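Colleague: Can you read through this structure? Questions will come right after.
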Amino acid sequence: MNALHAPTDISLYRATSMTSAGPSREPLSIRAGRIDASVAAGAYRVELRDHLIFPGLINAHEHLQVNCVPPFRKGAPFPNSYAWIAAFQKHFENPAVIAALHVSKALRLKHGGLKNLLAGTTCVAHHDPWHPTLDAADFPVTLLRDFGWSYTLAGPGYGPPLEQSFAATPADQPWFIHLAEGTDATAQAELSQLDQIGCLAPNSVLIHGVGLREQDIDRVIAVGASVVWCPGSNLALLGQSLDPRRLLAAGRLALGSDSRLSGARDLLAEMRDVAARGELDAGQLLALATTHAARVLRMPLHGSLTPGGPADMVIVEDRGGDEVESLVGIERSQIRAVVHAGVPRIADPDFIEWFAAAGVETVPVMLDGKPKLLAKTLADPALMALEPGLELVTHSNERDRSVEARYH
């Protein structure tokens, strides 16, 4: 039986849960895919001594369908996104790009979801036209659904018309636009232009914002708008990124990975890179990918382990010291389990009984060289072939590894 919602109540014991109120050692209960306030009698018990449970991460900006497209190799940094878009057109002549885009969009979208899930991201804001595949019951992650968007202020004629899209978006839903994505005067002028046409409001979510000046950040905070920070992509394309500190302090910032076309491998890698550069500490990064992102995306039940909210979780070993650093800074293969809607979706092999209790069939896989169990619904060979580092374990490659280990 393959189910997205566990038919059995689950209780997680002896772990430290990283709640919005702070660390808790109370048992965490799951019922019908949501976190429950009480432990049900007869619930299946999962012992998690020396483990930490974090909320599933939220990726506040992603283009799901282009993660298998080879990155564009550029020279000098571009002055703005429009110059990058123009230069990228020649990239479409690359045979590897042509081959990647011949893969069906449906499969590429699902691959983008899988890429996020493998690194502990359980909720994603997809900034592109909606596609029927995104409505599939077995899509790997939860998607933001109630929102409006336009692509950029100056074109390139892709996506909904800007002013009409903004006007049609209810005030209690986020409205997204790539803005100030550059370092030149063109990018620096965009916030004022958006403001002048009446599209800067509390529900405006500005993607990238590299060209925002101090007075622009003052204006964003005063209006109550928000910015999604994608530092890996910004540094790769523009050679510069937004200083996140003031927007973070105001609670008006979230974190996004953009896509592998220009950004980091996934949100976990993005967080690790920022921490390594010393731009923010682990606690700040976790907030950007959980509680802050939930506020920016207007998804109040996500990003925390709150009763009534979705049971989306990342489980890791407690490495001692600062608990948050046990997640921020690790590789995706070090995650013990990723739980989506109350069900383990990928986990270490010793979680097999939990998969069975949840009614989820699994297949053995290798993730970046480490053995895992993957929910069978995600083990489509065509899907897995798009993800570097993810490999189905067969009798033949098990035998090959055994021989290699014996002689090396």
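The values are calculated or read from the model by the stated rules, or taken from the named source; none is laboratory data. The structure presented is a predicted model; accordingly, all values stated were derived computationally and were not measured. Neighbour counts are summed over all protein chains in view; Cβ atoms, including those assigned to glycine, are modelled from backbone coordinates with ideal geometry.
Colleague: Please go through the stretch 56-67 and pick out each residue that is surrounded by 23 or more Cβ atoms within 10 Å (Cβ to Cβ), assigned to a loop (DSSP other than H, G, I, E, B) and not small (Gly, Ala, Ser).
Modeller: Scanning the stretch 56-67 gives a single hit, Asn67.
Colleague: Quick check, is Asn67 of a type in the set (S, T, N, Q), over 17 Å from Ile207 (Cα atoms) and modelled with pLDDT of 95 or more? Give the steps one after another, and end with the answer.
Modeller: Working: of a type in the set (S, T, N, Q): yes; over 17 Å from Ile207 (Cα atoms): yes; modelled with pLDDT of 95 or more: yes.
Taking the combined requirement at face value, the residue satisfies it.
Colleague: Please list, ordered by residue number, the helices (runs of 4 or more DSSP H) wholly in the stretch 259-348 having 3 or more residues that are within 23 Å of Leu374 (Cα to Cα). Walk me through it before giving the result.
Modeller: Working: elements: 267-277, 282-288, 291-297.
Ranges flagged: 267-277.
Colleague: For Phe166, indicate whether it is in the same structural domain as Gly232 (by TED's automatic domain parsing), touching a Lys or Arg at 6+ places or on another chain (Cβ under 8 Å) and of a type in the set (Phe, Trp, Tyr).
Modeller: On the way: in the same structural domain as Gly232 (by TED's automatic domain parsing): yes; touching a Lys or Arg at 6+ places or on another chain (Cβ under 8 Å): no; of a type in the set (Phe, Trp, Tyr): yes.
So Phe166 fails the test.
Colleague: Shifting gears a bit: Scanning the stretch 200-224 for residues that are within 17 Å of Ala293 (Cβ to Cβ) and touching a Leu at 6+ places or on another chain (Cβ under 6 Å), which turns out surrounded by the fewest Cβ atoms within 10 Å (Cβ to Cβ)? It would help to see each step written out before you state the result.
Modeller: Residues of the stretch 200-224 within 17 Å of Ala293 (Cβ to Cβ): 202-209, 220, 224.
Cutting the leftovers down to touching a Leu at 6+ places or on another chain (Cβ under 6 Å) gives us 206, 209.
Values: Leu206: 26, Gly209: 28.
Checking each candidate, the answer is Leu206.
Colleague: Any idea which residue in the stretch 1-24 is modelled with the lowest pLDDT, counting only those that are part of a loop (DSSP other than H, G, I, E, B) and touching a helix residue (DSSP H, G or I) at 6+ places or on another chain (Cβ under 8 Å)?
Modeller: Our first condition is that a residue be part of a loop (DSSP other than H, G, I, E, B); within the stretch 1-24, this holds for 1-9, 14-15, 20-21.
With the extra rule that they be touching a helix residue (DSSP H, G or I) at 6+ places or on another chain (Cβ under 8 Å), the set shrinks to 2, 6, 8, 20.
Values: Asn2: 35, Ala6: 44, Thr8: 77, Ser20: 78.
Looking at residues that are part of a loop (DSSP other than H, G, I, E, B) and touching a helix residue (DSSP H, G or I) at 6+ places or on another chain (Cβ under 8 Å), I get Asn2.
Colleague: Out of all the residues in the stretch 248-256, is one or more under 30 Å from Ile98 (Cβ atoms) and outside any helix (DSSP H, G or I)? Let's see the steps before the verdict.
Modeller: The first filter runs over the stretch 248-256 and keeps only residues under 30 Å from Ile98 (Cβ atoms), leaving 256.
With outside any helix (DSSP H, G or I) added as a condition, the list becomes 256.
The answer is yes; a qualifying residue exists.
Colleague: Just one of (1) at pLDDT 95 or above; (2) of a type in the set (A, V, I, L, M, F, W, C); (3) in contact with a Pro (Cβ under 7 Å, 6 or more places away or on another chain) trips up Ala96, so point out which.
Modeller: (1)
Colleague: Another question about this same structure. Of Leu373, Leu378, which residue is within 22 Å of Val69 (Cβ to Cβ) and not basic (Lys, Arg)?
Modeller: Values: Leu373 fails: within 22 Å of Val69 (Cβ to Cβ).
None of the other options fit; the residue is Leu378.
Colleague: Working only within the stretch 342-366, note down all residues that are surrounded by 23 or more Cβ atoms within 10 Å (Cβ to Cβ), small (Gly, Ala, Ser) and within 22 Å of the chain's Cα centre (by Cα).
Modeller: Answer for the stretch 342-366, where residues must be surrounded by 23 or more Cβ atoms within 10 Å (Cβ to Cβ), small (Gly, Ala, Ser) and within 22 Å of the chain's Cα centre (by Cα): just Gly342.
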